[in-house]
Amino acid sequence: MEFERNPGEERSAGTEWPRASTLSRLPGQTTVVLAAHPQCPCTQASLDELADLVMKSPVPIRGYVLFLRPSGLDSSWVHTVLWEQARKIPGFLPIEDLDGREADIFRATTSGHVLCFDGLGSLRFSGGITSARGTRGESAGKASLLSLLAQGTTSVSRTPVFGCPLEDHERQVIR
């Protein structure tokens, strides 16, 4: 129980869409980035919550799920059931993130870290959308994002991220 409620490490994200990113965003449209470890069992709950968020959002959301792929490991390490789950989320594209380069550019260090950028490219939310590791259901992060998408404002713009470290390459394979 203590492990489930212990958030992962966080680094302070920038305030704007990072220029160094190779990902594109559509000006005028909300863009969400979720960093994911393809072997982390906690990631399934984050993807479930992201899918629910997309379904409940009053505005279209476009985004990416960045799946860590360490050098030396082939795509099969990344293309798990979690990849397939991300692929089914409307408006989202799963990306193989070689050595976590994009996650590093976005300053994400924990699987399940969500960053939401407004149509001008300003960071409006950074954090997790689960209340604990591998836990589905309501959370401060998900509620904040829904408020942001529905009303353009939120009282909480940062929440803890509950998940495995992205640099943990030793996770067992999820099938």
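Sort out the exposed loop GluC sites (Glu not before Pro) in the chain (DSSP loop, at most 14 other Cβ within 10 Å) and tell me the longest stretch that has none. Of all site-free stretches, the longest is 10-137.
Given their separation in residues at 0.36 nm each and the Cα-Cα distance between them, Met55 and Arg107 gain 16.0 nm when the chain is fully extended. Dipole of the chain computed with +1 at Lys/Arg Cβ and -1 at Asp/Glu Cβ about the Cα centre; of Ala36, Leu123, Ile105, farthest Cα towards the positive end is Leu123. If you run the Gaussian network model on the chain, springs between alpha carbon atoms under 10 Å, then out of Gly112, Gly137, Gly163 the most flexible one is Gly137.
Over the chain, all Cα pairs binned in 5 Å intervals from 0 give whole-percent P(r) values of 1, 10, 20, 24, 22, 15, 6, 2, 0, listed from short to long. Cβ screening of the chain for cysteine pairs under 4.7 Å finds these without a partner: Cys42, Cys116. If I fit a long axis through the Cα atoms of helix 140-151 and take the longest principal axis of the Cα atoms of the chain, what angle between them do I get, 0 to 90°, rounded to 10? Approximately 40 degrees, to the nearest ten.
The antiparallel fraction among DSSP beta bridges confined to the chain stands at about 45%. Among His113, His37, His79, the largest mean-square fluctuation in a Gaussian network model of the chain (Cα springs under 10 Å) belongs to His79. Within the listed set Ser76, Ser126, Ser21, the Gaussian network model of the chain (springs between alpha-carbon atoms below 10 Å) gives the highest mean-square fluctuation for Ser76.
The distance from the alpha carbon centre of segment 12-48 to that of segment 98-114 is 8 Å, rounded to a whole number.
Here, P(r) means the percent of Cα pairs in each 10 Å bin from 0 to the largest distance; for segment 68-157 it is 14, 40, 36, 9, 0.
Counting only Cβ charges, +1 for Lys and Arg and -1 for Asp and Glu, the dipole size of the chain around its Cα centre is about 460 debye.
Convex hull volume of the Cα atoms of segment 37-93, normalised per residue: 64 Å³.
Readers should treat all values here as calculations from the given coordinates under stated rules, not as data from a laboratory. Here the structure is a predicted model, which is why all the values come from computation and not from measurement. Cβ sites come from the backbone with ideal geometry, for glycine too, and all protein chains shown count toward neighbours.
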